[in-house]
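A short write-up of the structure that comes next.
The values are calculated or read from the model by the stated rules, or taken from the named source; none is laboratory data. Small disclaimer: the values here were computed from a predicted structure and weren't measured. Cβ placement follows ideal geometry from the backbone for every residue including glycine, while neighbour counts extend to all protein chains displayed.
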Amino acid sequence: MADVQVAKKEAAFGFGKKERKLLVDPLNDNNPITVQVLGICSALAVTTLLDKALVMSIAVIFVCAFANLFTSLLRMYIPKQVRMIVQLVIIAFLVTVVELTLKAVDYNIYKELSVFIGLIITNCIIMGRLEAFAMANNPWRSFLDGVGNGIGYGIILIIVAMIREFFGKGSLLGYKILGPSSDFLITIPGYQPNNLMVLFPSAMFVIGVLIWVHRAWNRKLIDIS
Amino acid sequence: MHSTRQTIIFVFIMTAIVALVLSFMSTGLKPVHDKNEAVYNKKAILSAVKDQIGDGFDALTDDQISDIFTKQIEQKVMDMEGGFISKEDVMAAGYKGGMAENLDMAKEKKKPESDRLLPVYIYTADDNKKYYIFNVRGNGLWDEIWGNIAFESDLNTIAGVSFDHKAETPGLGAEIKDNKDWAGQFIGKKIYADDGMYKSVGVIKGGAKDPVHEVDGISGATITADGVAEMMKRGLKYYEPFIKMSKKG
């Protein structure tokens, strides 16, 4: 009996192949944005500038990981009839924690991002992971799954934001890189940044092209769809 | 399966715990939030005269901001006729502290025009020059926008502006705040024509033609830019009684 219990404990907190897969899979083979095509709404909205995409990614990783953890801890007790509402309360709770903390730690970033922080509640990736994974798996694995999916989401967000900020404004993180006047790092007289990249339709194009590139590069994905 | 009774008990307990934790957190952090907000507000007012304060403005710490604000800003509250109002009357209007910086301009905007209170900040620079900072508020594309406009002592030439917004689109409408070059266009513009007529400063899509009363618009953010022009035209007009009185005396 004692042996069985020890083995069980190891499975609960270990870091083996399966746990590794939980972290790595969402980055590539099962990316929430480019493969599952979830979370597109916020990927369109917060990718105009890189700094906002970065803070958004960190906030989503935090919320996704801990929402998964709490839901998994409570999964035996959550009544099936109201499980969606309970999940939503957990997400809203964590988002409010993020918002209150940010407001106390860095008021400037809070002011710039306050609209987007609230948007995390509507992020379908988080709700999707709670329903699909955390309700049926142990807390440790759920936590890893949340971190993995948060990072998978964040990577795409950052790539899209880099493309949009660079081509749309000629800058990255606010540092001026490519532009017509001499305060840019590389000066090309007459160069005009493509203003379309800052507008919302460009996020559609960029994400669409990313999905295409991802599928062309990862042969495994071709059979799926 | 859970019974209805169990479901209700679960939901009740969970909501209670969440509410309790959040309200503790919110109350516990309130002093920090309030302090941050006050400094943010002071910084927003001072950033209208940031060129006069000097190059290091963005690097100033919270304490330095408060320090400059207390030492170099004289603040007054005015009614719509241009008369100054005592601290007690401002407090009676519902603002604790009774100073101009305590005014909630969003709340003032909802009042009928004749009942509004207006803040006036007078900044005395290190070289003893005086600058007058007025507050204006209007609507952008999604929600409210507002700004602090600093004037030279002639109360006609703009010395600096700082705009802010509640929910404009980053990269487009939010440029009114983020793009310092755009806001910089306002410096040196005049709100009165040579014959003394009130003209304000227009924001023109496709390029400004009048070098004294117009600035360029923002491509992709026409409605926000028009909102800025409208807010300045209407908002600065409120200060006309004060401007006229100051010029006379």
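Scan segment B:45-63 for residues that are out of contact with any Ser or Thr (no Cβ under 6 Å at 6 or more places or on another chain) and either closer than 22 Å to B:ARG116 by Cβ or surrounded by 14 or more Cβ atoms within 10 Å (Cβ to Cβ) (or both) and the total you get is 10.
Note on segment A:168-184: residues that are at pLDDT below 80 and either surrounded by 18 or more Cβ atoms within 10 Å (Cβ to Cβ) or touching a Lys or Arg at 6+ places or on another chain (Cβ under 7 Å) (or both) total 3. Within the set B:ALA167, B:ALA208, the sole residue that is modelled with pLDDT under 90, touching a helix residue (DSSP H, G or I) at 6+ places or on another chain (Cβ under 8 Å) and over 23 Å from B:TYR238 (Cα atoms) turns out to be B:ALA167. Checking the conditions here, which among B:GLY220, B:GLY235, B:GLY207, B:GLY202 is small (Gly, Ala, Ser) and exposed (fewer than 14 other Cβ atoms within 10 Å of the Cβ)? Among B:GLY220, B:GLY235, B:GLY207, B:GLY202, only B:GLY207 is small (Gly, Ala, Ser) and exposed (fewer than 14 other Cβ atoms within 10 Å of the Cβ). Count of segment A:22-33 residues, restricted to those that are assigned to a loop (DSSP other than H, G, I, E, B), surrounded by fewer than 23 Cβ atoms within 10 Å (Cβ to Cβ) and not acidic (Asp, Glu), is 2. Counting only strands (runs of 3 or more DSSP E) wholly contained in segment B:93-176, the ones carrying 2 or more residues that are under 30 Å from A:ALA203 (Cβ atoms) occupy B:130-139, B:144-151, B:158-165.
Among the residues making up segment A:168-180, a single one is in a loop (DSSP other than H, G, I, E, B) and facing chain B (nearest Cβ under 9 Å): A:GLY174.
From the set of residues in segment B:147-169 that are within 14 Å of chain A (Cβ to nearest Cβ) and surrounded by fewer than 22 Cβ atoms within 10 Å (Cβ to Cβ), which is farthest from B:LEU46 (Cα to Cα)?
Kept after step one, since they are within 14 Å of chain A (Cβ to nearest Cβ), are these residues of segment B:147-169: B:162-169.
Narrowing further to those that are surrounded by fewer than 22 Cβ atoms within 10 Å (Cβ to Cβ): B:164, B:166-167, B:169.
Numbers: B:ASP164: 13, B:LYS166: 19, B:ALA167: 22, B:THR169: 24 Å.
The qualifying residue farthest from B:LEU46 (Cα to Cα) is B:THR169.
Figure legend. Inter-residue proximity from segment B:136-148: first residues more than 19 Å from B:ILE187 (Cβ to Cβ), second residues of a type in the set (A, V, I, L, M, F, W, C), beta-carbon distance below 6 Å, spacing 6+ or different chains. Indicated pairs: B:ARG137/B:MET105; B:ARG137/B:TRP146; B:GLY138/B:ILE145; B:GLY138/B:MET231; B:LEU141/B:ILE223; B:TRP142/B:ALA167; B:ASP143/B:ALA167. With respect to the stated conditions, A:ASN137 is surrounded by fewer than 20 Cβ atoms within 10 Å (Cβ to Cβ), more than 14 Å from chain B (Cβ to nearest Cβ) and of a type in the set (S, T, N, Q).
Listed here are the residues, each with its yes/no results for (1) in contact with a strand residue (DSSP E or B) (Cβ under 8 Å, 6 or more places away or on another chain); (2) within 13 Å of another protein chain (Cβ to nearest Cβ); (3) β-branched (Val, Ile, Thr).
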{"residue": "A:ILE33", "(1), (2), (3)": "no, no, yes"}
{"residue": "A:LEU38", "(1), (2), (3)": "no, no, no"}
{"residue": "A:LYS52", "(1), (2), (3)": "no, yes, no"}
{"residue": "A:SER57", "(1), (2), (3)": "no, no, no"}
{"residue": "A:VAL60", "(1), (2), (3)": "no, no, yes"}
{"residue": "A:VAL63", "(1), (2), (3)": "no, no, yes"}
{"residue": "A:ARG75", "(1), (2), (3)": "no, yes, no"}
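B:GLU144 meets the conditions (1) closer than 16 Å to B:ASP51 by Cα; (2) within 14 Å of another protein chain (Cβ to nearest Cβ); (3) modelled with pLDDT of 90 or more; (4) out of contact with any Phe, Trp or Tyr (no Cβ under 8 Å at 6 or more places or on another chain) in every case but one. The failed one is (1).
Looking at (1) of a type in the set (Phe, Trp, Tyr); (2) farther than 30 Å from B:ASN128 by Cβ; (3) within 14 Å of another protein chain (Cβ to nearest Cβ), can you tell me which one B:TYR95 breaks? For B:TYR95, the failing item is (3). The selection criterion, being charged (D, E, K, R) and either at pLDDT 90 or above or at positive phi (or both), holds for B:GLU152. If you filter segment A:84-95 down to residues that are more than 16 Å from B:VAL21 (Cα to Cα) and more than 10 Å from every other protein chain (Cβ to nearest Cβ), you find that the one that is surrounded by the most Cβ atoms within 10 Å (Cβ to Cβ) is A:GLN87.
Does B:SER66 count as among the hydroxyl-bearing types (Ser, Thr, Tyr) and touching a Lys or Arg at 6+ places or on another chain (Cβ under 9 Å)?
Values: among the hydroxyl-bearing types (Ser, Thr, Tyr): yes; touching a Lys or Arg at 6+ places or on another chain (Cβ under 9 Å): yes.
Yes.
Those residues that are under 21 Å from B:ALA221 (Cβ atoms) and crowded, with 17+ Cβ neighbours inside 10 Å, I need them from segment B:179-199; list them, please. Across segment B:179-199, the qualifying residues are B:TRP182, B:ALA183, B:GLN185, B:PHE186, B:LYS189. The residue that is surrounded by the most Cβ atoms within 10 Å (Cβ to Cβ), counting only those in segment A:185-205 that are in a helix (DSSP H, G or I) and within 14 Å of another protein chain (Cβ to nearest Cβ), is A:VAL198. Can you say whether A:SER142 is closer than 30 Å to A:GLU19 by Cβ, among the hydroxyl-bearing types (Ser, Thr, Tyr) and either more than 14 Å from chain B (Cβ to nearest Cβ) or buried (at least 17 other Cβ atoms within 10 Å of the Cβ) (or both), as far as the supplied structure shows? Yes, satisfied. How many residues does segment A:96-107 hold that are at the interface with another protein chain (Cβ under 7 Å from one of its Cβ atoms) and not hydrophobic (A, V, I, L, M, F, W, C)? Looking only at that region, the number is 3. Has segment B:81-100 got at least one residue that is surrounded by 14 or more Cβ atoms within 10 Å (Cβ to Cβ), within 17 Å of the chain's Cα centre (by Cα) and closer than 17 Å to B:GLY147 by Cβ? Within segment B:81-100, one or more residues are surrounded by 14 or more Cβ atoms within 10 Å (Cβ to Cβ), within 17 Å of the chain's Cα centre (by Cα) and closer than 17 Å to B:GLY147 by Cβ.
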